[in-house]
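What follows is a single structure, written as structure tokens, with notes after it.
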Amino acid sequence: MDLQKKPSLILQLKCIIQSQNHQLLLLRDLEKEVGFVAKWNFMSIIEKYPSIFGVGGGCGKELPFVTLTGKAEKIAREEGEARNLMEPILVKNLRKLLMLSIDCRVPLEKVELIGNELGLPHDFKKSLIFKYPEYFSIKVINGRAYLSLENWDSLLAVTACEERFARERMLQSAGGQNKVRITKDGNYLGPFAFKMCYAAGFRPNKSYLEELEKWHKMEFPSPYLNARRFEVADPKTRKRVVAVLHELLSLTMEKRMISAKLDAFHSEYRLPSKLVLCLIKHHGIFYITNKGARSTVFLKEAYD
């Protein structure tokens with residue numbers, strides 16, 4: 001989180017420059033874009049990275065401006081090409097996001113809220129939603145715009161955990177080994193097990209591992225089934241909530257999300273009222289950091 005602070009400023013300034021006419025930003029307009037205080041952070045970034053930002057003007061009547069260097073423009077174009085190639089992945093993930101919800105629909109402003117996390121383009125309504133009417137539609141319900149799923153696809157109703165289990169089972173059968181006992185790191189091979197990644201200093205005792213093994217073995221309904229069908233107090237339903245959170249984070253580009261954004265989907269995915277306590281309880285699966293301005297939830301297995 002500390003390491004990304006500087007690149008985030010660079011990327012923010014890059015986006016501001018790209019949004020300007022003629023792809024250049026007058027330095028006098030920088031304050032309008034980012035505010036007086038943040039302006040100085042961006043000025044130091046411009047000065048420190050001449051390979052990314054080129055400064056011109058300032059002679060005669062020409063006002064000083066900042067633009068991207070040729071090398072930075074080339075990388076920005078490659079990013080655009082990568083986004084175009086990612087379109088099938090984005091469409092699939094957006095369909096899965098809607099399939100996870102209770103009524104296969106999510107308020108449009110909430111999709112926009114996590115657009116960056118999902119890797120969606122800024123104009124995703126035009127470039128994705130309207131482009132694929134067989135998958136998506138926008139419906140106004142009680143004065144609120146919802147992104148709705150047009151067609152259910154059972155082939156997509158497969159979780160990241162199920163895909164991982166299928167891969168591990170193939171590896172096990174190829175290697176001729178059968179993992180029958182739970183290991184000291186808390187991992188267990190099974191269709192209802194999650195990958196556990198504990199901190200280096202964490203030393204679980206025997207009773208903890210025994211309880212964890214029971215939890216790993218416990219069956220639970222698929223997160224793609226309608227949550228209204230299950231009793232909230234049922235232990236299997238509580239485990240299903242963990243699967244929903246795991247799947248939501250798996251759909252993001254960086255396998256992480258600001259906790260406030262995750263909590264914004266409380267009603268659509270029937271998330272627990274005390275979300276942070278649920279995440280802390282399952283600290284082998286999720287990690288919460290308060291580094292930066294807001295707390296962020298990480299899917300730990302993605303950061304091995």
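The values are calculated or read from the model by the stated rules, or taken from the named source; none is laboratory data. Just so you know, these numbers come straight off a predicted model, no measurement behind them. Glycine gets a Cβ as well: all are built from the backbone with ideal geometry, and neighbour counts include every protein chain shown. Note: accessible area is taken over every heavy atom of the protein model, side chains too, but ligands, DNA and RNA are not part of it. Shrake-Rupley method; radii C 1.70, N 1.55, O 1.52, S 1.80 Å.
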Applying a 10 Å radius around every beta-carbon, put 257-268, 46-57, 240-251, 195-206 in order of their mean neighbour count, most first.
240-251, 257-268, 46-57, 195-206
Tell me, what % of the accessible area of the chain is carbon and sulfur with a 1.4 angstrom probe?
55
Which of the residue pairs Lys125/Lys261; Lys139/Lys239; Lys139/Lys281 have a Cα-Cα distance greater than 30 Å in the structure shown?
Lys139/Lys239; Lys139/Lys281
From the coordinates shown, Cα Rg over 2.2 N^0.38 Å corresponds to which of [x] 1.20; [y] 1.25; [z] 0.97
[x]
What length, rounded to one decimal in nm, is gained on full extension from Lys74 through to Glu231, with 0.36 nm per residue of separation minus their alpha-carbon distance?
51.1 nm
Please state the relative contact order of the chain as a whole percent: Cα pairs under 8 Å, 6+ residues apart?
15
3J(HN,Hα) from dihedral phi, the range 208-222, Karplus parametrisation 6.51/-1.76/1.60, rounded to Hz, x for glycine, proline
4, 5, 5, 5, 5, 5, 4, 5, 4, 6, 5, 5, 8, x, 4
What are the aspartates and glutamates whose alpha-carbon lies under 12 Å from the alpha-carbon of Lys92, with same-chain residues fewer than 8 places away excluded?
Asp153
In Hz, Karplus ³J(HN,Hα) per residue of the range 10-17 (6.51, -1.76, 1.60; θ = phi - 60°; x = Gly, Pro):
4, 5, 5, 5, 4, 5, 5, 4
Got a sec? Which residues in the range 103-123 would a label at Ser8 touch, if it sits 7 Å along Cα→Cβ and we count backbone N under 18 Å?
113-120
If I stretch the segment between Glu213 and Leu155 completely, what's the gain in nm (0.36 nm per residue apart, minus their alpha carbon distance), one decimal?
18.0 nm
Using only Cα atoms, find the angle between the long axis of helix 235-250 and the longest principal axis of the chain, and express it within 0 to 90 degrees, rounded to the nearest 10.
30
Kindly report, to the nearest 10 Å², the accessible surface of Phe130 as traced by a 1.4 Å probe over protein heavy atoms only.
140
Checked against a 26 Å limit on the C-alpha separation, the offending pairs among Lys195/Lys274; Lys48/Lys126; Lys6/Lys126; Lys110/Lys236 are Lys48/Lys126; Lys6/Lys126; Lys110/Lys236
Determine the relative contact order of the range 1-74: mean sequence separation of Cα pairs under 8 Å and six or more apart, normalised by residue count, in whole percent.
31
Obtain the nm distance between the two label points defined at Asp103 and Ser267 by a simple spin-label model: each point lies 7 Å from its Cα along the Cα-to-C-beta direction.
0.9
Can you work out ³J(HN,Hα) from phi for every residue in the range 256-265, in order, using Karplus 6.51 cos²θ - 1.76 cosθ + 1.60 and θ = phi - 60°, giving whole Hz and x for Gly and Pro?
7, 7, 4, 4, 5, 5, 5, 5, 5, 9
Which FRET efficiency value, to the nearest 0.05, is calculated for Ile280 and Cys59 with the Förster distance at 45 angstrom and r the Cβ-Cβ distance?
0.15
Check which residues have an amide H placed less than 5 Å from Phe53's amide H, if you skip close sequence neighbours.
Thr69
For the chain, what is the accessible area per residue in Å², given a 1.4 Å probe and the full set of protein chains?
59
So how far, in whole Å, is the C-alpha centre of the range 101-172 from the one of the range 244-304?
18
